[in-house]
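This report refers to the structure that appears directly beneath it.
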Amino acid sequence: MSLPRRAGTVRPPRAIAPLAALAVVFLLAPFVALLARAPWADLLDLVRTPLVRQALWLSARTSLGATALAVVLGVPLAWVLARARLPGRSLLRALVVLPMVLPPVVGGAALLFAFGRRGVVGGPLHDATGFLLPYSAWGVVVANAFVALPFLVLTVEAGLRGVDARYEEAAATLGADPWTVLRRVTLPALWPSLVTGAVLAWARALGEFGATVTFAGNLPGRTQTMPLAVYLALGTDRDAAVALSLVLVAVSLAVLVPLRHRWLT
């Protein structure tokens, strides 16, 4: 009796391989075109221009700020989704996923109506303190965090579901309070998922465009991040647009390739 062949060695139907190859070409062609269009001789000079440097620095600061905000808000929310028994949990999870499927411009408009000068939250906040989120670097952070939060929440929630609750129960039985259990047992076991979720959230924040331009505008040196600079440069300086695009592609690959094993486990 012969043993069944492993899934990885099964020969696919004849139509599968050509369609898979076509998918690879479809995904690869834009990046090949970008590399072919790149002004390699002037690439370093383009990246060093004031406009590009400002956009790079602003993107780095705001994406890291958005990631920190996503961690602070997202980890507790992921814990509630994974562990708490509350009515409407499915609806809450759908609300978490909504920014992933919502058109980014719609998300930016919703943020504007919520946190703008006349927004339901932003209006009273501005009247009381004079603080205004839209068209500021803080507005970029909020817009980026809004679209990046689902990536962290879903990744951490999946990690929490994979943590063996018996270890937490054993620690509680030995007298550890809930905070100690969370700090000494849950978080160490959750650390790989937390790092993965934070990195994915950061990568998403770094590449955000629609919500940012709608909520924070496109002000050079103030709210113009790298994706916004690419969009602006496409109409004025194609070489600078290509240089910025290559930087974003390189950063994205540097983030995604090391995390590939996390997706397959």
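The values are calculated or read from the model by the stated rules, or taken from the named source; none is laboratory data. None of these values were measured; they are calculated from a predicted model. Glycine gets a Cβ as well: all are built from the backbone with ideal geometry, and neighbour counts include every protein chain shown.
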Any chance Ala84 is under 19 Å from the mean Cα position of the chain (by Cα), closer than 30 Å to Pro178 by Cβ and exposed (fewer than 14 other Cβ atoms within 10 Å of the Cβ): no
Criterion (loosely packed, with under 12 Cβ neighbours inside 10 Å, at pLDDT 90 or above and closer than 28 Å to Gly221 by Cα) met by exactly one of Val142, Val72: Val72
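Which residue, of Val97, Val153, is touching a residue at least 60 places away in the same chain (Cβ under 8 Å) and under 28 Å from Val195 (Cβ atoms)?
Val153
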Arg37 in contact with a helix residue (DSSP H, G or I) (Cβ under 7 Å, 6 or more places away or on another chain), of a type in the set (Lys, Arg) and more than 30 Å from Tyr135 (Cα to Cα): yes
Some residue of region 1-20 being exposed (fewer than 11 other Cβ atoms within 10 Å of the Cβ), hydrophobic (A, V, I, L, M, F, W, C) and under 30 Å from Met226 (Cβ atoms): no
Identity of the residue in region 145-192, within 30 Å of the chain's Cα centre (by Cα) and of a type in the set (Ser, Thr, Tyr), that ends up modelled with the highest pLDDT: Thr155
Output for region 146-165, where each listed residue is among the charged types (D, E, K, R) and surrounded by fewer than 18 Cβ atoms within 10 Å (Cβ to Cβ): Arg161, Asp164
Residue satisfying condition, being in contact with a Phe, Trp or Tyr (Cβ under 8 Å, 6 or more places away or on another chain) and among the polar types (S, T, N, Q), within set Thr223, Thr214: Thr223
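Here's the yes/no breakdown for (1) among the basic types (Lys, Arg); (2) outside any helix (DSSP H, G or I):
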site	(1), (2)
Ala33	no, no
Leu43	no, no
Met100	no, no
Arg117	yes, yes
Phe131	no, yes
Residue under evaluation Gly88, criteria (1) within 18 Å of Pro150 (Cβ to Cβ); (2) modelled with pLDDT of 90 or more, criterion not met: (2)
Every residue from region 45-65 that is without any contact (Cβ under 8 Å) to a residue 12 or more places away in the chain and part of a loop (DSSP other than H, G, I, E, B): Arg48
